[in-house]
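Data first, discussion second: the structure below is written as structure tokens.
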Amino acid sequence: MVREPTSGGGRGVSRRGFLAVAGAGATAGLSGCLGSNPIAAVGGDPREVAIAGSSTVFPVAEAIAAAFDEERSDVTVSISQTGSGGGFSNFFCPGMTDLNNASREISEGEIEQCGDNGITPIEFTVATDALTVVVNPEADWIDCLTVDELREIWRADGAQRWSDVREEWPDEEFEFYGADTTSGTFDYFVEAVIGEDANHRSNYYATERDRTIVQGVQGNRHAIGYFGFSFYSENPDSIKAVAIDAGDGCVSPSLETAMNGEYTPLARPLFTYAAQQSLAEPEVRDFVRFFIERAATDIVSEVGYVPITEEVRDENLQRLEEAVAEVTG
Amino acid sequence: MAADTGDDHSFGRISRSKDVAFEYLTLAATLVGIVALGILFVYVTRDAVGWLDWQFLTSPPHPDPYEAGFYPALVGSIFLMIVIALVTFPLGVGAAVYLEEYAGDGPVERFVRINIANLAGVPSVVYGLLGLGLFVTLLDIGYGTLLVAGFTVSLLVLPIVIISAREAIRAVPDSRRQASYGMGATKWQTIRNVVLPEALPGIMTGTILALGRAIGETAPLIMIGAPTTVFGVPNSLFSKISAMPMQIYTWASYPDTAFQYGVVAAASVTLLVVLLSINSAAILVRNRYQ
């Protein structure tokens, strides 16, 4: 760092000159790279659609946003994974996002919180998911669980060992991997399996990152976990899905069984909620319309979910146009 | 370590083998870092082959790993860097000039100096919390925007810029200032015409290295709510932005293994290349004037 003086002031001027030229050159080079999108609009109102919410719905939203971006590069779509509940209470209802993805329906309390801030949520069904129960691939003793057994495993004070569920199963302790309490997947699982008479167990590894569940279940022969179907459909060899018996025999999770209604009670609708006030902005309106239209196409099945039917799509579109008419009046 | 055979007086018995052994020991200590960096580079580069191409650098993210791109994150990081440079350079140099040229050596000044050094060691996640509380909640300029991210990370690297700028200014020989005063120059004229031109390369080097640290930061961005994925580049200071490390973190949790290895590796190589270019720029600026 210590530099001895080498020459007089003439050097100093050329040095300043060099740095100025280098700085200008670097700036010009940068803006050249950015091409069609210079930093022209410094400040001002950004043309963007902000989305937060469920990590289960994220792959659907991402696929559709990528397709939207190809057609409308003037609009910036951003998606955050916060969990359904986290998205409603921290982002959507305070008015910070335009849409909130949810893997369950919005709750009364959340509608109230939104209402307090002058936000009216409009519900759109965008896909169907098969919530999937997974075990280690080496767990050769298990292929199918009844809903009662599933409740016994996951309720508070329930089974601690595999042999507590069925006597012929190994006398080994469970290791539990499940969805975090801010997650809509957790809420749906509680509603569909645990019921109101019991609580979900609290001594389990709770995470919003499905990959953590996969790694945990892969790492322990006696582990069990649950998450959305798409994560399983990407890793069918590294992890084993358990069929569910709701009284009519064992049904394995798949796009077909979720679509035709055989896979109960774990097939569930996924939603996105739009803030009616945000629909006043044309780019949000365009994106929601695009989202609903594409939700009925193969884009959705490619990422491991069941697309909505054309009837549902038309209902959604009708609800959208009514809401738009109200807000643009 | 080795059995000590010499007596305890003076230097002990002269042992050439000990001398050589110590040399190799220090060499090994040096190599650990270099080898680790080398292995990391080989691994990610091997995984990135076939993934890192022009399409990857110019496309937005996509659920299909073969179509996924890094463009919004790359541009987001560059914009972020410009904002950080614009904020930290004047503030950092201003603070350094004050502390070196004007401030005395009273207890208050000493307190400020010690605390700037302490601030440089505060973990980045704490700065993220500060940014969340100050810019997002209190001043309400939007979560995860370019401006908030820029300010937050600026706070993080500001102490580093101040410290390096102070050292550069201190390295200007006092005889030059005295000569300037002797010619009748004022304090401002001396700083403007003598001190800053002489210290500028050192200040630039420090600032550029601090920027290199800034673009690798993830924790503050997560804390201020930067989105998981952004499509398109920011079109205003209030646009939500993505940054390279954020996007890498997101991709690493995708179910498809092609993301976990290929795409993440390609993104990591891009980030490393950008970082190393920034560091080389700093070295070039320094060498140019030594």
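The values are calculated or read from the model by the stated rules, or taken from the named source; none is laboratory data. Since we're looking at a predicted model, the values are computed, not measured. Positions of Cβ are backbone-derived with ideal geometry, glycine not excepted, and every protein chain shown enters the neighbour counts.
Selection of segment A:82-106 for residues being part of a loop (DSSP other than H, G, I, E, B) and without any contact (Cβ under 8 Å) to a residue 60 or more places away in the chain yields A:CYS93, A:PRO94, A:MET96.
A:GLU138 falls short on exactly one of the conditions (1) free of Cβ contacts under 8 Å to residues at least 60 places away in the same chain; (2) farther than 15 Å from A:PHE271 by Cβ, and that condition is (1). Going by what's in this entry, would B:PRO255 be described as crowded, with 20+ Cβ neighbours inside 10 Å, under 25 Å from A:ILE213 (Cβ atoms) and either among the hydroxyl-bearing types (Ser, Thr, Tyr) or touching a Ser or Thr at 6+ places or on another chain (Cβ under 8 Å) (or both)? Spelling it out, B:PRO255 is indeed crowded, with 20+ Cβ neighbours inside 10 Å, under 25 Å from A:ILE213 (Cβ atoms) and either among the hydroxyl-bearing types (Ser, Thr, Tyr) or touching a Ser or Thr at 6+ places or on another chain (Cβ under 8 Å) (or both).
Each residue in segment A:65-81 was checked for being over 17 Å from the mean Cα position of the chain (by Cα), at the interface with chain B (Cβ under 7 Å from one of its Cβ atoms) and part of a helix (DSSP H, G or I), and 1 of them qualify.
Yes/no per residue for (1) touching a residue at least 12 places away in the same chain (Cβ under 8 Å); (2) at positive phi; (3) in contact with a His (Cβ under 9 Å, 6 or more places away or on another chain); (4) surrounded by fewer than 22 Cβ atoms within 10 Å (Cβ to Cβ):
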residue	(1), (2), (3), (4)
B:SER164	yes, no, no, no
B:PRO173	no, no, no, yes
B:SER180	yes, no, no, yes
B:THR190	yes, no, no, yes
B:ALA199	yes, no, no, no
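Against the criterion of being at pLDDT 85 or above and either assigned to a helix (DSSP H, G or I) or within 14 Å of another protein chain (Cβ to nearest Cβ) (or both), A:THR185 does not qualify. Of all the listed residues (A:ASP237, A:ASP314), the sole one being out of contact with any His (no Cβ under 7 Å at 6 or more places or on another chain), modelled with pLDDT under 90, outside the structural domain of A:VAL75 (by TED's automatic domain parsing) and surrounded by fewer than 20 Cβ atoms within 10 Å (Cβ to Cβ) is A:ASP237.
Taking strands (runs of 3 or more DSSP E) as the structural unit, those lying wholly within segment A:209-316 and holding at least 2 residues that are of a type outside the set (Val, Ile, Thr), within 14 Å of chain B (Cβ to nearest Cβ) and closer than 22 Å to A:ALA102 by Cα correspond to A:223-227.
For A:SER252, the criteria (1) without any contact (Cβ under 8 Å) to a residue 24 or more places away in the chain; (2) under 21 Å from the mean Cα position of the chain (by Cα); (3) surrounded by fewer than 17 Cβ atoms within 10 Å (Cβ to Cβ) hold in every case but one, which is (2). Filtered by the rule that a residue be aromatic (Phe, Trp, Tyr) and buried (at least 16 other Cβ atoms within 10 Å of the Cβ), segment B:98-132 gives a lone residue, B:TYR127. Output yes when any residue across segment B:141-155 is buried (at least 17 other Cβ atoms within 10 Å of the Cβ), in a loop (DSSP other than H, G, I, E, B), within 11 Å of chain A (Cβ to nearest Cβ) and among the small types (Gly, Ala, Ser), and no when none is. Yes; the residues of segment B:141-155 include at least one that is buried (at least 17 other Cβ atoms within 10 Å of the Cβ), in a loop (DSSP other than H, G, I, E, B), within 11 Å of chain A (Cβ to nearest Cβ) and among the small types (Gly, Ala, Ser). Just to be sure before I move on: is B:ALA117 assigned to a helix (DSSP H, G or I) and within 13 Å of chain A (Cβ to nearest Cβ) in the structure I sent? No, not satisfied.
Conditions (1) of a type outside the set (Phe, Trp, Tyr); (2) free of Cβ contacts under 8 Å to residues at least 12 places away in the same chain; (3) under 25 Å from B:GLN260 (Cβ atoms), marked per residue:
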| residue | (1), (2), (3) |
| --- | --- |
| A:GLN160 | yes, no, no |
| A:GLU167 | yes, yes, no |
| A:ILE194 | yes, no, no |
| A:ILE224 | yes, no, yes |
| A:ASN235 | yes, no, yes |
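Listed here are the residues, each with its yes/no results for (1) crowded, with 20+ Cβ neighbours inside 10 Å; (2) within 10 Å of another protein chain (Cβ to nearest Cβ); (3) over 22 Å from the mean Cα position of the chain (by Cα).
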{"residue": "B:VAL233", "(1), (2), (3)": "yes, yes, yes"}
{"residue": "B:SER236", "(1), (2), (3)": "no, yes, yes"}
{"residue": "B:ALA243", "(1), (2), (3)": "yes, no, no"}
{"residue": "B:PHE259", "(1), (2), (3)": "yes, yes, yes"}
{"residue": "B:ALA265", "(1), (2), (3)": "yes, no, no"}
{"residue": "B:LEU272", "(1), (2), (3)": "no, no, no"}
{"residue": "B:LEU276", "(1), (2), (3)": "no, no, no"}
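Of the residues B:LEU147, B:LEU156, the single one that is in contact (Cβ under 8 Å) with a residue 40 or more places away in the chain and farther than 17 Å from B:VAL112 by Cα is B:LEU147.
Residues of segment B:205-221 that are modelled with pLDDT of 85 or more and either among the β-branched types (Val, Ile, Thr) or on the phi > 0 side of the Ramachandran plot (or both): B:THR205, B:THR207, B:ILE208, B:ILE215. The one condition from (1) over 20 Å from A:VAL284 (Cα atoms); (2) in contact with an Asp or Glu (Cβ under 8 Å, 6 or more places away or on another chain) that A:GLU123 does not meet is (1). For segment B:77-92, does any single residue satisfy the condition of being within 14 Å of chain A (Cβ to nearest Cβ) and of a type in the set (Gly, Ala, Ser)? Scanning segment B:77-92 turns up at least one residue that is within 14 Å of chain A (Cβ to nearest Cβ) and of a type in the set (Gly, Ala, Ser).
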